[in-house]
Amino acid sequence: MSVIALVMLAAAVVLLGVAEWPRLSQRLGLQKRARARKRSHLRVVDNDPDDSDEFAKAVERDLANLPTYDPRAKRD
C-alpha cells in the first residue's frame, strides 16, 4: 500500500468515528451521565397572570419606541 492510501484509510476511520460518536457514546454509557447532569439544573417556572400583563405592556412600549421609516418623507 502506498502512503496516500494509508492516509486516506486513516482519514476514513476518523470520519466514521466522528459520525458514529453519538451512538458509540450512548452504548458506552457516556451520554447518559451527561444528560443526568443537565437535568439537575432544570427548575419549574410558574406562570403568573400578572407577569403576562407586564410582558404585554413591555412589548407594546418597546414597539412604540422603535424607529420608523417613511419612504415618502423628504430627506434632510
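I'd like the Karplus ³J(HN,Hα) series for region 10-17: coefficients 6.51, -1.76, 1.60, θ = phi - 60°, whole numbers in Hz, and an x wherever there's a Gly or Pro.
5, 5, 5, 5, 5, 4, 5, x
Spin-label point model (7 Å from Cα, Cβ direction): what's the THR68 to ASP46 distance in nm?
4.1
May I ask you to evaluate 6.51 cos²θ - 1.76 cosθ + 1.60, the Karplus curve with θ = phi - 60°, for each residue of region 51-65 and list the ³J(HN,Hα) values in order in whole Hz, giving x for glycine and proline?
Coupling constants for region 51-65: 5, 5, 5, 5, 5, 4, 5, 5, 5, 4, 5, 5, 5, 5, 8 Hz.
Among residues other than ARG61 whose Cβ falls under 13 Å from its Cβ, what is the net charge (Lys/Arg +1, Asp/Glu -1)?
-3
Work out, step by step, the length gained on full extension between ARG27 and ALA11: first 0.36 nm times the residue separation, then minus their alpha carbon distance; give nm to one decimal.
3.4 nm
Output the peptides 58-69, 16-27 sorted from most to least packed, where packing is the average of other Cβ atoms within 10 Å over each peptide's residues. Write out the running numbers ahead of the final one.
Numbers: 58-69: 7.5, 16-27: 10.9.
Order by mean packing, descending: 16-27, 58-69.
Coordinate-derived values only; no laboratory data. On a predicted model such as this, the values are computed, not experimentally measured, just so you know. All Cβ positions, glycine included, derive from the backbone under ideal geometry; neighbour counts span all protein chains shown.
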